[in-house]
Amino acid sequence: MKVPSQVKLVDVGPRDGLQNEKAPVPAAVKIELVHRLQDAGLKEIEVTSFVSPRWVPQMADNAEVMAGIRRKPGVRYSVLTPNMKGFEAALESQPDEIVVFGAASEAFSQRNINCSIAESIERFAPVVAAARARGIHVRAAMSTAVACPYEGDIAPERVEMVARLMKQIGVQHLGVADTIGVGTPRKVQRAMEAALKHYALDDVSGHFHDTYGQALANTLACLEMGIWQYDASVAGLGGCPYAKGATGNVATEDVVYMLQGMDIDTGIDLDKLIDAGKFISDHLGRKPNSRAATAILNKRAG
Ligand code: HMG
Ligand code: MG
């Protein structure tokens with residue numbers, strides 16, 4: 001399989017990245033982050049989630065953030081919607097894509113969305129149908145596709161099963177997530193192969209948290225399978241409130257640096273992306289969690 005010549009990156013920083021921040025981040029800062037990401041050339045941005053504000057207070061300003069964005073033609077703005085209540089609330093914001101999020105592990109499903117895998121599919125089915133009836137693209141995220149913080153290693157057969165269920169209810173694109181960032185290349189490839197039993201190569205993406213520093217290696221392993229779509233988080237922000245100890249996604253800056261070095265086109269301006277990462281990191285009072293950003297910022301300072 002030839003490595004793709006083009007890659008699409010979805011920046012999940014405003015959602016996955018910020019959802020784990022304890023101190024409230026003002027909506028204006030989130031909006032500015034989205035603007036900076038689109039100016040850097042991101043073509044898809046995961047902006048927020050329409051979940052319970054009691055569960056994830058940081059996302060309570062979802063509608064305000066969506067309303068504040070200056071939409072750039074050609075950019076897809078996506079939001080998480082776990083159930084019909086979330087979907088209906090999201091509609092006014094006119095997302096281009098909605099994301100339902102399930103898990104390959106029962107225990108994680110319970111902790112994250114308070115229901116079993118089977119119940120989650122029942123909840124997602126009307127959301128998927130309603131979105132597709134309105135022409136809104138539907139993606140699913142499958143958490144814990146490699147391992148679960150509560151159950152340990154997850155067999156590829158579990159991934160295959162959940163991929164099949166997602167396909168049956170009409171989900172168009174499946175994101176395979178290593179939620180806690182423990183995966184290594186061959187394990188991630190096996191999870192992807194399981195997803196590819198039900199989804200075409202053009203309809204899957206990788207979502208790798210970088211807890212153990214494996215996310216770039218896992219991305220390369222998937223590139224070698226021909227997979228050309230990945231989530232990443234500017235400045236390496238994030239984590240999941242229901243996966244203790246897991247750090248953020250692989251930094252978008254690091255992925256872009258690697259892809260540029262491999263002559264793979266992303267359409268992203270690395271310098272502007274680094275500025276976006278610095279902007280949000282400054283707001284959060286820390287340094288960007290990206291080796292490439294750190295190196296380039298040091299070089300600029302020198
Ligand atoms: P529940 O308590 O089972 O829901 O929560 P419920 O239907 O029983 O309702 C209970 C209350 O919540 C009711 O309010 C509902 O109205 C309200 P009350 O009557 O008690 O005042 N409610 C809602 N409010 C706002 N928006 C909604 C909504 N639904 C119900 N959509 C629920 C179920 C899914 C809502 C809850 O468990 C939840 O919000 N969980 C948050 C999950 C989350 O956001 N996790 C992080 C994102 S996933 C992730 O990060 C992983 C990913 O990055 C991939 C990876 O790395 O693995 C995607
Ligand atoms: Mg995640």
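The values are calculated or read from the model by the stated rules, or taken from the named source; none is laboratory data. These numbers were taken from a predicted model, which means no experiment stands behind them. Glycine gets a Cβ as well: all are built from the backbone with ideal geometry, and neighbour counts include every protein chain shown. Just the protein is used for accessible areas: all its heavy atoms, side chains included, with ligands, DNA and RNA removed. Shrake-Rupley method; radii C 1.70, N 1.55, O 1.52, S 1.80 Å.
When DSSP assigns beta bridges and you keep just the ones with both residues in the chain, what percent turn out antiparallel, to the nearest 5?
DSSP beta bridges in the chain are roughly 10 percent antiparallel.
Using +1 at the Cβ of each Lys and Arg and -1 at the Cβ of each Asp and Glu in the stretch 8-301, identify which of 227, 60, 79 lies farthest towards the dipole's positive end.
Positive-end residue among those listed: 60.
Under a 1.4 Å probe, what is the accessible area of the stretch 214-273 per residue, stated in Å²?
Per residue, the stretch 214-273 has an accessible area of 33 Å².
Residue 76 label point, 7 Å along Cα→Cβ, cut-off 17 Å on backbone N: hits in the stretch 132-168?
Counting only backbone N, you get 132-142, 167.
Stokes-Einstein diffusion coefficient for the chain at 20 °C in a medium of 1.002 mPa s, Rh from the Kirkwood formula over Cα pairs: what value in µm²/s?
114 µm²/s
State which helices in the chain qualify, where a helix is a whole DSSP H run, it must extend 20 Å or more along its own axis by its Cα atoms, and its mean Kyte-Doolittle hydropathy must be at least -0.5.
Span-like helices, by this rule, are 117-133, 270-284.
Any chance you could check the Cα centroid distance between the stretch 1-64 and the stretch 184-220 for me, in angstrom?
Comparing the Cα centres of the stretch 1-64 and the stretch 184-220, I get a distance of 21 Å.
At 7 Å along Cα-to-Cβ for each site, give me the label-to-label distance between residue 155 and residue 217 in nm.
2.6 nm
With label points built 7 Å along Cα→Cβ from the Cα atoms of residue 190 and residue 286, find their separation and express it in nm.
3.2 nm
At a threshold of 8 angstrom on Cα-Cα distance, excluding pairs fewer than six apart, so keeping six or more, what relative contact order does the chain reach in percent?
Relative contact order comes out at 21 percent.
Quick check for you: which residues of the stretch 135-172 have the amide N under 12 Å from the point 7 Å beyond the Cα of residue 197 toward its beta carbon?
Within reach of a label on residue 197, which here means backbone N under 12 Å from a point 7 Å along Cα→Cβ, the stretch 135-172 contributes 155-165.
Shape of the stretch 1-118 from its Cα gyration tensor (a ≥ b ≥ c, root eigenvalues): rounded if a/c is under 1.5, otherwise prolate when a/b > b/c, or oblate?
It comes out oblate by the Cα gyration axes.
Counting only protein heavy atoms and a 1.4 Å probe, tell me what percentage of the chain's accessible area is made up of carbon and sulfur.
Of the solvent-accessible surface of the chain, carbon and sulfur hold 50 percent.
Determine which residues of the stretch 83-118 fall in the zone a paramagnetic label at residue 133 would reach in this model, i.e. backbone nitrogen under 15 Å from the point 7 Å along Cα→Cβ.
Within reach of a label on residue 133: 84-85, 87-89, 91.
When the Debye formula is applied to the Cα atoms of the stretch 61-200, each taken as the same point scatterer, what base-10 log of I(q)/I(0) results at q = 0.22 Å⁻¹?
-1.27
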